[in-house]
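Read the structure below first, then the notes.
The values are calculated or read from the model by the stated rules, or taken from the named source; none is laboratory data. Because the structure is a prediction, the values reported are computed rather than measured. Cβ coordinates were reconstructed from backbone atoms using ideal geometry, including for glycine residues, and neighbour counts include every protein chain displayed. What goes into the accessible areas is simple: the full protein's heavy atoms, side chains included, and nothing from ligands, DNA or RNA. Shrake-Rupley method; radii C 1.70, N 1.55, O 1.52, S 1.80 Å.
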Amino acid sequence: FKGGDTCEYLLSSGRFLGEKVWQPHSCMMHKYKNSEAKNCLVDKHVVFIGDSRIRQLFYSFIKLINPQVKEEGIKHGNIPFEDKSASIKVDFLWYPEVNGSMRQRIKSWAEGSVTKPHIIVVGAATWSIKIHNGSNEALAQYKINITSIAPLLEKLAINSDVYWVLQDPVYEDMLSESRKMITNEKIDAYNEAAVRILNSSSRNSKAKVKVFSVSKLIAQETIMKSADGLHLPESSRDTNAMILMNVYCNKIMKPIDGSCCQPQPPLTLIQKIAFCFFTLSIFGYLIISLIHRNNYRKNKSCTDLESGEEKKPAISTPNVSTLEMLLHCFCKLGLIMTYFYLCDRANLFMKENKFYTHSSFFIPIVYILVLGVFYTENTKETKVLNREQTDEWKGWMQLVILIYHISGASTFLPVYMHIRVLVAAYLFQTGYGHFSYFWIKGDFGVYRVCQVLFRLNFLVVVLCIVMDRPYQFYYFVPLVTVWFMIIYATLAVWPQIVQKKANGSCLWHFGLLLKLICLLTCIYFLSYSQGAFEKIFSFWPLSKCFELNGNVYEWWFRWKLDRYVVFHGMLFAFIYLALQKHQMISEGKGDPLFSNRVSNVLLFISIVSFLTYSIWASSCKNKTECNELHPSVSVVQILAFILIRNIPGYVRSVYSSFFAWFGKISLELFICQYHIWLAADTKGILVLIPGYPMFNVLVSTFIFVCVAHEISQITNDLAQIVVPKDNSTLLKRLLCIAGFFSGLHFFSAMQDQSRH
């Protein structure tokens, strides 16, 4: 760890991922859109001073503001650019040599009454080498001129951002005869002189001229693709312009995936309170542990000096108290949250951009598939979607989603569409599981609801506090929570129809179907009425939960993307349980689900449907169009998978304990990946061990899985304490939780007021 100034790394070091993606050392670069560039540079004046290479950088820079700009300016003259909509001025000033003319221009800004530019980008040398035929006298004069300019640049750097661009290497074999004297040896000498003079001059000054040396590294990799051996190919200069934009704009715009040049965010009031709470919990647990240890030592067996016999302690060691268990959980959670904060908020560990290759996604998939098959065991029961099977299903889906996220596979549309089916399958299980429970048990009590809501939301609420993120940021948990409440409301409202009641009369089945039809109608209406949806979730306090960036559009988009699949899960559960009740399916060990002929036909249809969906998803060309169809067709592959997995008796009778283990902590894995496996809120990759990508992934994955497992245990332990079965005690706890959220809202309002 060399300190938190990632600007130094951005300007001086990095490497290529593939052919065109530049990865700065230790931090992430944001890809600025035109609108973002305009917002950052509004009312700003930017000046590029130098030769034809700086002119190239100038054009790439203004294309980030306006992509329609064409390179039609005077070659050896000044070129102005202005964007009136954002009041942005960008000028290129033709000064191909570091000489008196350049000095005079810089002096007019530094010492004159002329308005100073906000950003100044300077660089020149190749013309000096060319005009003077690479003579040593020209190099000596270059040193004298830079020495005279350096103090002026430093004076400007007090109020402006000043960058000195080092000279890129050339591809000597491609240079024309008139440029043969421009050698890499000469360029290195000029660069060395510029760096030495600027660094020695800045030691005694308040501000520092930033040396833009990364362009040299980029050119070393790409100059052979140059058209003339001197000027960089377009992709390379675009990368340089994007680096320049990141250096200046990241501290203003604060993009999530632009960690370079971003200062560490200050602790909020709520974060400080959380820090104090966890610190007190740790000290409280240590004190109670010491007291219990001392009591245990006092009561320990000792020898009676008179009789020589061992005495038994009069009092047995007390059981662990509720307070001690509570403090123990919060003690562990405090240490884990400290790790979360250090990984993704403290600028302590490095972060890198994702880079997708087919091998980075498909090879790990093969690895986990082999491991999953290796750990095959017999199931305890052979029902359709039994507990072991659903845990297995969640487990392998979660592992695939994790690999999808870390490999950046969202850029490959066929993989994206298949991952969308996996997310839909999670929601399908939500509909299937909760409907089955309420239908069979008929338990609509507050205890059940509170248990589910606590287990789903505990970790996310803690992360919202510690990581200073809105609830909707962890979109999957709000999605599952809302759908659980919809399922509960659908079945709990009058008339409550459960299996026990429906067995008495078939009319109750029709009543339940009417309820499901009403639910489907509401879903259909809200999915095509964005205004109505947004009105519902814009009311306080729902707006506090579901707003992201000041509106609920993101929430509407996420909900709409898988709007029918929970309903499909409920309907499947209803049909399956009805078939099971009327003994129309066979769930014995090794028995096919239906008769051999029906089983074979259904199995064939399922395989064809599964492959047909995959072919359709793989042929997708437009993400928006495919997302429109996804809610209606995703159920095809989900149902096909269920039938393939359950029709053959021998397949239904086994499961992978490897996948099932991960399935039990799938929710924690999904949430924890945001900050301690990936980085910058899933936009990048956390780097604990730089320089060794595979070893880094192994170490960070091991810690990540252990932490997720530990949080799962903490959540289960706290659920027993916070959500007791006794109704009167539960009511008191609910009042305490309401008080907690009221306090949280109060401090949040204070926080927002102080920010404004």
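What the table shows:
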| quantity | calculated |
| --- | --- |
| Peptide ranges 405-416, 562-573, 259-270 listed from the most packed, as the mean C-beta count within 10 angstrom indicates | 562-573, 405-416, 259-270 |
| Separation of the K180 and S235 label points, Cα + 7 Å toward Cβ, nm | 3.2 nm |
| Label-point separation in nm, L335 to S410, each point 7 Å along Cα→Cβ | 3.3 nm |
| C-alpha center-to-center spacing [the range 598-616, the range 475-522] in angstrom | 30 Å |
| Helix-only mean residue ellipticity at 222 nm for the chain, each DSSP H run of n ≥ 4 adding -39500 (n - 2.57), per residue, nearest 500 | -20500 deg cm²/dmol |
| R0 of 25 Å, Cβ-Cβ distance L269-L731: FRET efficiency to nearest 0.05 | 0.25 |
| Set of lysines near K107 by C-alpha distance (under 22 Å), chain-local residues within fewer than 8 positions excluded | K44, K89, K116, K143, K155, K206, K208, K210 |
| Reachable aspartates and glutamates from K623, criterion Cα separation under 20 angstrom, eight or more residues apart if same chain | E554, D562 |
| Where labels lie 7 Å past Cα in the beta-carbon direction, separation of I615 and M584 in nm | 3.0 nm |
| Burial order of peptide ranges 353-363, 503-513, 115-125 (average beta-carbon count within 10 Å, highest first) | 115-125, 353-363, 503-513 |
| Percent RCO, i.e. relative contact order, over the range 31-230, from Cα pairs under 8 Å lying at least 6 residues apart | 20 percent |
| Calculated FRET value between T521 and F604, using beta carbons and R₀ = 45 Å, to 0.05 | 0.85 |
| Centre separation in Å (Cα based) which lies between the range 545-582 and the range 144-171 | 59 Å |
| S87-R455 FRET efficiency (beta carbon distance; Förster radius 35 Å; 0.05 resolution) | 0.10 |
| Part-to-part distance (alpha-carbon centres) for the range 404-470 and the range 211-249, which is given in Å | 44 Å |
| Share, in percent, of DSSP beta bridges within the chain that are antiparallel, nearest 5 | 55 percent |
| Tensor-based shape of the chain (alpha-carbon gyration tensor, a/c under 1.5 rounded, otherwise prolate or oblate) | prolate |
| Gain on full stretching of the segment that runs from N622 to H745 - 0.36 nm per residue minus C-alpha separation | 40.1 nm |
| Whole-number percent relative contact order across the chain, with pairs defined as alpha carbons under 8 Å at least 6 apart | 15 percent |
| Whichever aspartates and glutamates have a C-alpha closer than 14 Å to that of K20, once near sequence neighbours (fewer than 8 apart) are set aside | E221, E234, D238 |
| Accessible solvent surface per residue of the chain, calculated while the other protein chains remain in place, 1.4 angstrom probe, Å² | 49 Å² |
